[in-house]
Amino acid sequence: MSPSQDSTDACCAWLICSTLHTASERAVDETDVVARINGELVVWAEEKMSFEALQRRAVSGGRTAARLAQEMPEHFIAFDVLQIDGQELLHVPYGERRARLERLFADHGLSAPWTLCPETADVTTAQEWLTSWTQVPGVEGLVIRGSGQRYLPGARALYKVRRRDSTEVVVGAITGTVRRPQTLVLGRLDAAGVLRPVGPSTPLRSDAARELADRLTPAGPGHP
């Protein structure tokens, strides 16, 4: 979160959401400024960020689209500004681009459905965001970047910190073979002691698969 001791570059963090990343190229105020803004479309539904609702909005048309727009309004969360009135800002340090983005919001009174993504350079605040704001379904964690960074199209120049919670599960089955497991089928015991599936794991790395294979045995009769 914080820069190294010999770094003079401040670091910033802002919240990210598990929804479709987009770039919006439209008039912020058609009478005097056109900006290309990098951000994310989200739909808030049933007290969470809903990717499913966003997908429904994206594929709907006609009366259905109009109805869903009322029931599940979209918001555009702005992260960065890449161009203002034809002036490219890709070479401009991020800290200056952020300041220009904030001025766009202030000068033009942008409000919902436009949203300026929260940002901080304070480590304590970022840590608090990571533990509290990520309790909202759909908010995964933080993105960290240096304020002196230029915009690098296509480059992995951001550092993502996702919240991860640990829990105990039972490995009830696998895909693949006992000697070459590919994924785990995970479960938990319910109140009656019955094993209930909760979902698969991500694909196993080769080293994890080899380690797990040494501990696996074929299931016997009566295995759920």
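Quick check: anything in region 108-125 more than 21 Å from the chain's Cα centre (by Cα) and assigned to a strand (DSSP E or B)? No: zero hits. Among residues of region 190-201 that are on the phi < 0 side of the Ramachandran plot, those with a beta-carbon under 8 Å from a residue that is small (Gly, Ala, Ser) and surrounded by 13 or more Cβ atoms within 10 Å (Cβ to Cβ) at least six positions away or on a different chain give the pairs Leu195/Gly172; Leu195/Gly187; Arg196/Gly187; Pro197/Gly172; Pro197/Gly187; Val198/Gly187. Scanning region 69-107 for residues that are part of a loop (DSSP other than H, G, I, E, B) and more than 20 Å from the chain's Cα centre (by Cα) yields Asp85, Gly86, Leu89, Leu90, His91, Val92, Pro93. Go through (1) modelled with pLDDT under 85; (2) open to solvent by less than 50 Å² (accessible area, probe 1.4 Å); (3) not in a loop (DSSP other than H, G, I, E, B) one by one and return the number of the condition Trp133 breaks. The one condition Trp133 does not meet is (2). Within region 159-172, residues that are under 16 Å from Thr202 (Cα atoms) and in contact (Cβ under 8 Å) with a residue 24 or more places away in the chain sit with their Cβ atoms under 8 Å from residues that are outside any loop (DSSP other than H, G, I, E, B) and open to solvent by 100 Å² or more (accessible area, probe 1.4 Å), at 6+ positions apart or across chains, in these pairs: Val169/Arg188; Val170/Arg188; Val170/Leu189; Gly172/Pro197.
Against the list (1) more than 19 Å from Trp114 (Cβ to Cβ); (2) surrounded by 12 or more Cβ atoms within 10 Å (Cβ to Cβ); (3) touching a residue at least 24 places away in the same chain (Cβ under 8 Å), the condition Phe79 fails is (1).
The values are calculated or read from the model by the stated rules, or taken from the named source; none is laboratory data. The shown structure was predicted, so the numbers you read here are calculated from the model rather than taken from an experiment. For neighbour counting, all protein chains shown are included, and Cβ atoms are generated from backbone atoms with ideal geometry for every residue, glycine included. Side chains are part of the model used for accessible areas, which takes the heavy atoms of the whole protein and leaves out ligands, DNA and RNA. Shrake-Rupley method; radii C 1.70, N 1.55, O 1.52, S 1.80 Å.
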